[in-house]
Every structure is written in structure tokens, then in C-alpha cells.
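The structure appears below as C-alpha cells.
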Amino acid sequence: MTRRVKIALVVLLAAIVAMGLYAFRLKRQAEKMPMRAADNRPIAPPVAGPTEHVTLYVADDNDGALHKRDASIALPADPSQRARQILRALLADYLEKDSPHPLAPGADVKDVFLLKPNLAVVDTTAAFAEGHRSGILVEELTVVSIAQTLAANIPGVTRVKILVEGKERDTLAGHADLSDFYDTAAGDPWPVAQ
Amino acid sequence: MIVETQVKLRLIALIAFLALLLPAQQEKLLTVYSPQVSYSVAVVERDGREYVGVLDLLQPLGAASARQDGDTWKVRFNSAEAEFKPGKQKAKVGGKTVKLGAPVLQDKQRALIPLASVAPVLSQLSAMPAAFHEGARRLFLGNVGTQFSAELEKTPPKLVLRFTAPVNPTIATEPGRLRMIFTREPLLAPASLPALDDKLITGASFAERNGAAELTIAAGAPLMATFSDEGRTITISAVPALRAQAAPPPAVPGPPAVAPPAPAAPAPAPLRPRPVVVIDPAHGGDDRGAILADNLAEKDVTLAWARRLRAALERHGIAVILLRDSDAALTSDERAALANAAHPAAFISLHAGAASRAVRIYTAHLPDTTRKPGAFLPWDTAQASFLDSSRSLAGSIAEELSKRNLPVSAAPVLMRPLNNLAAAAIAVEVTATAAEVLALLAPEYQQSICAALADGIAATPARHAAAVESH
């Protein structure tokens, strides 16, 4: 075998290895694509409106309590849109990497319907419920933090119903009852850390 | 004339007075034991004979309906049919002619059949053999039957009764004897009872009457019954404080002897069934609950905790019903229905989770309401009328956990079947951090928490009463 043939073989071998690595990389990228698609949260229209102070009731798994937190967010004039933006601000906290009450990627509020006299119906994404951790504490904290945040910021709201993709669901993840209305004025309140 | 009227009035007054002195007549009952269900039916007397309503008899057993076609009652039970004609002593049941022994009667809007005919009628309609203990009005369908044996142990003296299935009799204590009345259990007479020659336990007898079996233990001192082995064993022993004072057996009845006046014997204790606690090991079957770790599902952890809690409660003399003792699937409505049917003193729904290490006690998140007498309870908020009892139970358990330095917190929760319970009802969630979630399976940890739960449950009535008095 001549020197030229040997060089050609080495070059060919290197090209095969390089192409193999490139193909493997493309495959990995292709596998990640559906996951990214699932991660895509619905893009809300840009919010136009003045920045306002709101009160969020943020859940913390460590002490099993709600923590009252003030936030400033731009809010539109429409009451339903305002309610949705406030809840999205709350859920944004839960989607942070180090959240003390993490929700699954893709958890979002699709719509909030304010019905007279005191009822708010919150429509959530499938990922909100499907990816939710199971357990009385973690599920109830999610429901109560949504209900209390709405009650604190939307005058008159005392009852909250949570839907998933526009449909009723028995439980959030096996425990918290979603088939009924959560009444913020009923019974003992959930513990709130000051 | 006036004198005659006065005599009549006095006679009427005397009869009325005597009538008041007579004890109220006990309602006559027929009890039917089948492989699926045990139930009692009221027996009525007509023309000196005992009768039962056809539908009353059939409905607890399956789909039963009746309609009147002319003067004939056409009855349908599951896929079988029967025809009863008032005044006739024969009926067509499941295609066969059955002799009833007395004529069928029409009573308002129902058909009555003679008590003596219930065995052939039910046997024909249900396609199961029927054994009728007519004197005691106890009917055994299929091969149901709970047998028992009795064994006397000498040191310390106690009578151990072993049953082939769990039992939960009503227990009545009276001077010199302890009576156990088995209404729902198809208890059969034993082949023989052992000779009891003990100073404390002097005799035992079995009897059947009015749709129930009765086991009476005679003794020379007050007795108590302790349940174990999931209700399959009852141990009769002396009440601890009096064990050392066991008196000789009562004298054989004879002519009255002259004796110094004795203090009046205490009145017989009222029939008081043991308190029942229903434990609901949450999830089961396909519903695995929270996935706590690889191959560790909440449903398995709750079952392990439930079994341990049952043993702890039984040591307190509390009867326990587990809603599932296997990997069975039950809906929330089924759990609530089963629990409500047991008329429990308390309902405990057991859960496990991965968060911080703690025991969390939940009561239902419902508005407090006061039930009006006679009002129906709305299913979705049945628990609302029992929130005070539930909070009392939760408080008592939290106190016991705190005594043992176990971290505990309480909160309201909107969760089924808690909302549907007509009794003191709480959910208990035992949680650990994700890193130490296997601690949930550690026997010592389970034992410590279950002992606190059992102590808290057992102490609830006393604490609740004290709280009420202090208000």
C-alpha cells in the first residue's frame, strides 16, 4: 500500500467518524424538539396598562404555609385579564428553578372568567394538573394560593373553581378536590406566614 | 248509676296504670344472613300468625320489585319471578309451586307472606340453600355461618373466644354476667362449650332469640371483653381493679335465706356497643397516589400505616374497620358510603407525602353549619355539621403528637371523602423529605406516630367534653 493510499484511507476514516458524531448530535437535537414544544407556554398578548401593586399568596412546601408578598405588575383594564395576569405572576414564581413550591413546566392560566356575584373560574393548561406533584399538602397549597390571591386582588371574589383545559377534573393530582368550589370565606383559613 | 260509672272509671284508670307498668313489647325481627349482606326485617302478627312483607324481605338481597295485577302480586327478584295471591296458601315461585303454610295477606299496599314460608321462597328465588332457625327467626342463606370455640385459661383466669370471622357484638354487662349480642353475624351454636369450673368465670351459654344470637358469660366479678386478631378473638377477663377480689360464684337459687340488708345492686348497664373507628388507607389499585421513591407508592405506605394504627387502636379496646386491607381500588364515594354505613365514632384517612418531615392533620374546608333536626344532610357537605367533633379529634391527636416531640401542623382541606362523612373525620398525612422518604417505612417511626394517633383518638371524647364544659 502506497503512502498516498494510506493518507486517503486515514482522511476517509476521519471523515466517517466526524460525520457519525455530527449525525449523533442531530439525533439528540431532534429528540429534544418535542420536549421544547411542550415547554412552550402560551404567549399572552403584550399587556398594556399602568403598573400596579398586587398581593400574591405564595405557597411554601417547607413550612406548609402561604407567604404574603407584594408585587408590581402591569395590569390591563379588563377585570378578567387583570385576574389572569395576577395569577400568571403567581405561577411565574412557582416556575422559578429554586421555587419552594415548584410547578411543572408548562403550568399556566389560560383564562379567568369572573361570574357574578362572587365566583371566579380559572382555566388552566393540561401541564398544570398533569405535571403536578401528588400529595395533600402540595396540591392544597396550589389551590389555596390561587384562590387567596384572587380574593385579595379582585374585589368581591370569594369562590374559585379550577378547570383544566376547559373541563372539570375530580382532583388536582389525586388529593385536592377540583370538582367543588373553593370558598375563601368558609371555615378555617389556611395558615399564612407573616 | 253514678256508682256504676265511678267503678268503670276506676277500672279504666287501674288498667291504664297497669299498662304503664308493663314493659314495652320488643319488636319482633327476622334476621337474614346471606354471603353478601346481613339484615333484619320487621315481623308483624296477623290472625295469630307471624308475617313479613315480601319486598322488605327481598330488597336488601338484590333488585326486587312488585306490582299488583288484579288480585295477584307479581314479584320480580333479579331474574326470577313469583306470584302471590291474597287468601291462597300456595304461591308460584321461580316456576315452582311452594306451600306457604298459611294464606298470603294484603296489608295496605304490600303483600305479606307467612314467616314459616320465607325459607322455601328465598331459597327458590335466590337459588341458594336456606336454613331457617324458626324459633329464633334467623335465616341462613347459602353456606354462611360463623363458628366459634371457647377456651378457659387459668392464670390469670380468662375465657378466650375464637371466631372463624370477625365479629362486633353489642356488649352488656350486668351484675354476675356479661352478655354479647350478635345481630349481624351468622353465629352458629357451638358443638359444646367447655366446662367452666373457675371461681371467676363460672359458666357460658349460647342462645338464639328474636333474630340474634346471644352468648352469656356468668361470673363472680365484673368482666370485660377485649378484642384482638381483627375482631376474630374476644378475651373475657376480670376488670383489672377487681381481678384480685374475684368472688365465689353466685349461689344456686333456693329458698330465700335470712341475710343482713345488702346495698342495692347497680342497675344493668345500658347496651353500649364498642366505639368504631374507620381507617381509610388512601388510594389503592391503579390509583397509586404520590410516588414517593422508586417502587414506593403512597398506596402501599398508607396500607402499612393503617394496619399498624388498627393494632394500636385495638389495644385501646376500640373496634376498627379498614376500608381496604389489600390493594383494592375504591372511589371516594364508595369510601364515604362504607364509612357512613359503619356509624363510626371517628374516620381517619391516612396519606403519605414527600415534603418536609412532619405529620399534618386536615379537617374539611367547609362552612360550619348547625343541622336542623330531621333535615337531610347534603352529600357534598355532610361533614359541615360535624366540624366541631372533627376539630376536637384533630386537636386531641395534635396534643399527643406534640407530647412525643413529633412535628405536627393542622390545616383545612377541600378533599373527598372527608366532605361526605357524617362523623368526626380527619385526614392525616405523614410526610418526610425526599432524601429520607424511606423513613416512612421504618417500624419505629410508624409505631411512634400510630401510638400517638391511637392515644389521641381514645382520649377525644373526654377532651371534647372538657372543652364543652369550659365554654
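The values are calculated or read from the model by the stated rules, or taken from the named source; none is laboratory data. Just so we're clear, the structure is a prediction, and the values are computed from it rather than from any experiment. As a convention, Cβ positions derive from the backbone with ideal geometry for all residues, glycine included, and neighbour counts pool all protein chains shown.
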Q) How about segment A:131-172: which of its residues are among the basic types (Lys, Arg) and within 23 Å of B:ALA352 (Cβ to Cβ)? A) A:ARG133, A:ARG169
Q: Tell me which residues, restricted to segment B:412-432, are more than 11 Å from every other protein chain (Cβ to nearest Cβ) and part of a loop (DSSP other than H, G, I, E, B).
A: B:LEU421, B:ALA422, B:ALA423
Q | Conditions (1) free of Cβ contacts under 8 Å to residues at least 60 places away in the same chain; (2) within 20 Å of B:ASN210 (Cα to Cα); (3) in contact with a Ser or Thr (Cβ under 9 Å, 6 or more places away or on another chain): number failed by B:ALA131 | A | (3)
Q: Would you confirm whether any residue within segment A:44-53 is at pLDDT 90 or above, acidic (Asp, Glu) and outside any strand (DSSP E or B)?
A: no
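I'd like to know if segment B:40-58 contains one or more residues that are out of contact with any strand residue (DSSP E or B) (no Cβ under 9 Å at 6 or more places or on another chain) and modelled with pLDDT under 85. Break it down stepwise before answering.
Of segment B:40-58, the ones out of contact with any strand residue (DSSP E or B) (no Cβ under 9 Å at 6 or more places or on another chain) are B:48.
Filter once more, so that each one left must be modelled with pLDDT under 85: none.
No, the conditions are met nowhere in segment B:40-58.
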Q | In segment A:66-93, the residues that are touching a residue at least 40 places away in the same chain (Cβ under 8 Å) and either over 12 Å from A:LEU150 (Cα atoms) or of a type in the set (A, V, I, L, M) (or both) | A | A:LEU66, A:HIS67, A:LYS68, A:ALA83, A:ILE86, A:LEU87, A:LEU90
Q | Hey, B:PHE347 more than 11 Å from every other protein chain (Cβ to nearest Cβ) and either within 29 Å of A:GLY64 (Cβ to Cβ) or part of a helix (DSSP H, G or I) (or both) or not | A | yes
Q | Residues (under 30 Å from B:ARG315 (Cα atoms), under 30 Å from the mean Cα position of the chain (by Cα), in a strand (DSSP E or B) and within 13 Å of another protein chain (Cβ to nearest Cβ)) located in segment B:281-302 | A | B:GLY284
**Q.** Those strands (runs of 3 or more DSSP E) lying entirely in segment B:43-115 with at least 1 residues within 23 Å of B:MET128 (Cβ to Cβ)
**A.** B:49-53, B:64-69, B:72-77, B:80-84, B:90-93, B:96-99, B:110-114
(Q) Which residue is farthest from the other protein chains (Cβ to nearest Cβ), if the candidates are limited to segment B:350-381 and must be modelled with pLDDT of 90 or more and within 18 Å of B:LEU323 (Cβ to Cβ)? (A) B:LEU350
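Condition check ((1) closer than 21 Å to B:TYR445 by Cα; (2) at pLDDT below 90) across all residues:
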| residue | (1), (2) |
| --- | --- |
| B:PRO281 | yes, no |
| B:GLY284 | no, no |
| B:ILE291 | yes, no |
| B:ASN295 | yes, yes |
| B:GLU298 | yes, no |
| B:VAL301 | yes, no |
| B:ARG308 | yes, no |
| B:LEU313 | yes, no |
| B:LEU323 | no, no |
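So that you can scan it fast, the table gives a plain yes or no per residue for (1) closer than 17 Å to B:PRO157 by Cβ; (2) at pLDDT 80 or above; (3) not basic (Lys, Arg):
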residue	(1), (2), (3)
B:LEU215	no, yes, yes
B:ALA219	yes, yes, yes
B:LEU223	yes, no, yes
B:PHE227	no, no, yes
B:PRO248	yes, no, yes
B:VAL252	no, no, yes
B:ALA267	no, no, yes
B:VAL277	no, yes, yes
Q. If only one of A:LEU178, A:LEU141 is touching a residue at least 60 places away in the same chain (Cβ under 8 Å) and not small (Gly, Ala, Ser), which one is it?
A. A:LEU141
Q. What number of residues within segment B:309-320 are surrounded by fewer than 18 Cβ atoms within 10 Å (Cβ to Cβ) and among the charged types (D, E, K, R)?
A. 1
Q. If you take the residues in segment A:125-146 that are hydroxyl-bearing (Ser, Thr, Tyr) and within 20 Å of B:ARG416 (Cβ to Cβ), which one is surrounded by the fewest Cβ atoms within 10 Å (Cβ to Cβ)?
A. A:SER134
Q: Please name all residue pairs, on different chains or six or more residues apart, with Cβ atoms under 8 Å, provided the first residue is in segment B:46-58 and is in contact (Cβ under 8 Å) with a residue 60 or more places away in the chain and over 10 Å from B:LEU112 (Cα atoms) and the second residue is of a type outside the set (S, T, N, Q) and assigned to a loop (DSSP other than H, G, I, E, B).
A: B:ARG49/B:ALA102
Q) For B:LEU393, which of the numbered conditions (1) surrounded by 24 or more Cβ atoms within 10 Å (Cβ to Cβ); (2) among the aliphatic types (A, V, I, L, M); (3) within 11 Å of chain A (Cβ to nearest Cβ) fails to hold? A) (3)
Q. Does A:LYS97 count as more than 10 Å from chain B (Cβ to nearest Cβ), assigned to a loop (DSSP other than H, G, I, E, B) and not hydroxyl-bearing (Ser, Thr, Tyr)?
A. yes
Q) Filter segment B:321-344 for residues that are loosely packed, with under 15 Cβ neighbours inside 10 Å and hydroxyl-bearing (Ser, Thr, Tyr); which is farthest from the other protein chains (Cβ to nearest Cβ)? A) B:SER326
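Does B:ALA364 satisfy the condition of being in contact (Cβ under 8 Å) with a residue 12 or more places away in the chain, surrounded by fewer than 23 Cβ atoms within 10 Å (Cβ to Cβ), of a type outside the set (D, E, K, R) and out of contact with any Phe, Trp or Tyr (no Cβ under 8 Å at 6 or more places or on another chain)?
no
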Q: Report yes if some residue within segment B:227-235 is of a type in the set (Val, Ile, Thr), within 28 Å of B:ILE321 (Cβ to Cβ) and surrounded by fewer than 19 Cβ atoms within 10 Å (Cβ to Cβ); otherwise report no.
A: yes
Q.
What's the number of the only condition in (1) surrounded by 19 or more Cβ atoms within 10 Å (Cβ to Cβ); (2) closer than 21 Å to B:GLU27 by Cβ; (3) of a type outside the set (Val, Ile, Thr) that B:ALA207 fails to meet?
A. (1)
Q) Considering only residues of segment B:416-449 that are out of contact with any helix residue (DSSP H, G or I) (no Cβ under 8 Å at 6 or more places or on another chain) and polar (S, T, N, Q), which is nearest to A:LEU137 (Cα to Cα)? A) B:THR433
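Would you call A:GLY156 surrounded by fewer than 21 Cβ atoms within 10 Å (Cβ to Cβ) and not polar (S, T, N, Q)?
Working: surrounded by fewer than 21 Cβ atoms within 10 Å (Cβ to Cβ): yes; not polar (S, T, N, Q): yes.
In short, yes.
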